[in-house]
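Sharing a structure with you now.
Bear in mind that the values in this text are calculations on the coordinates, not laboratory data. Note that the structure is predicted; figures quoted are calculated from it, not measured. When we count neighbours, we look across all protein chains shown, and the Cβ atoms used for this are built from the backbone with ideal geometry, even at glycine.
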Amino acid sequence: MQSFSLVIGKTLESFTDVDVASSDTDDVSVVVLGKRGNIAARNLLEARSAESRELLGRQCAIGYVVLDHRRGIAQLFAAPIGLQQIYWTEDNGRLRIGSAPDQLALDRQRKRALLLDSIYQYVYFHCIPGPLSVYQGISKLPGGHKLTWDGAAAKVERYWRPAFQDEERVSERDASTELHSLLNAAVRRSIGEQSAFGTFLSGGLDSSTVTGLAAGLRPQVPCRLLGPGGREGRGLRLRAPGEVERVDHVTDPLLGLPRLARVRVEVAAAPGALRRAWPSVVA
């Protein structure tokens, strides 16, 4: 995760780990969040129109900010499919933006309280859905949305929406062939020339497919069961060397995708160990 922060008042007051470019007349500034895997702020600044800038800005890995100094307006754009979250808050006539809510919560003059509803959402969904964060008064800007701030109020609206074409441009057979080719290439690239690799096998379709492809590329992938270790069941450990077996690579007759034919496990542990174990395939 890339760390970044900036504070916007009447001007760009402070910033860290961002790329900044300003026009010759200092009327407009562009700030690209993060420095890795991004386009240059100068390229966005030199865009001929707001539409072309927005189109180019979709290539940003995280997002960017456009400051109109003459009008006193700041616009924060989150990437359509953000690889990282953007958090923001208003504080004493300033717009503060950061890569983590903790950055914005560390204010000596104002102590941020935890948002209990966000804690519930995290337990229920295993994440905190936007625009909430774990702190009151600190929001998350969803992907494909922009925030407009004029120094007094902030407005959030969607600027990008995915467009799906219902017309079939490829036959089902060609699509199936391409899918298999892409999956094989992705797994082959991930394994590379490594002598050891691993996949966590949950038993669902995705992990079974990936593990089946890996077994096809590297036959006889060893399978080991990882279970809770210690009297209190904390952590994970390999129960016994005797739990290693072969993963077979076959094709699912219904889906046409690779799956696991069988995983036979010889458990040199107490009875019932299999019921408490989580599977993991490790080569």
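Any idea what the dipole of region 5-158 comes to, in debye rounded to 20, about its Cα centre with Lys/Arg Cβ at +1 and Asp/Glu Cβ at -1?
That gives region 5-158 a dipole magnitude of about 220 debye.
Expected output is a single nm value to one decimal: the length gained when fully extending between V20 and R161, i.e. 0.36 nm times separation in residues minus the C-alpha distance. What is it?
Length difference between fully extended and current span is 48.1 nm.
Using alpha carbons only, what's the Rg to Rh ratio of region 59-169 with Rh from Kirkwood?
Taking Rg over the Kirkwood Rh, I get 1.03.
Find which of A100, A41, A152 sits farthest along the positive direction of the dipole of region 5-158, computed with +1 on the beta-carbon of Lys and Arg, -1 on that of Asp and Glu, about the Cα centre.
Checked the options; the winner is A100.
Within the set K35/K146; K111/K146; K35/K111, which residue pairs have Cα atoms separated by over 23 Å?
Too far apart for the 23 Å limit: K111/K146; K35/K111.
OK, next. Expected output is a single nm value to one decimal: the length gained when fully extending between R58 and T177, i.e. 0.36 nm times separation in residues minus the C-alpha distance. What is it?
39.8 nm
Run the quick spin-label model on H126 and D27: label points 7 Å from Cα toward the beta carbon, then report their separation in nm to one decimal.
5.1
Counting Lys and Arg as +1 and Asp and Glu as -1, what is the net charge of the other residues whose Cβ lies under 12 Å from the Cβ of E13?
That sum, taken over residues with Cβ under 12 Å, equals +2.
While we're looking at this one, here's another question. What percentages make up the Cα-Cα pair-distance distribution of region 1-133 when the bins are 5 Å wide from 0?
Here the calculated profile for region 1-133 is 2, 10, 19, 21, 18, 14, 8, 5, 2, 0, 0.
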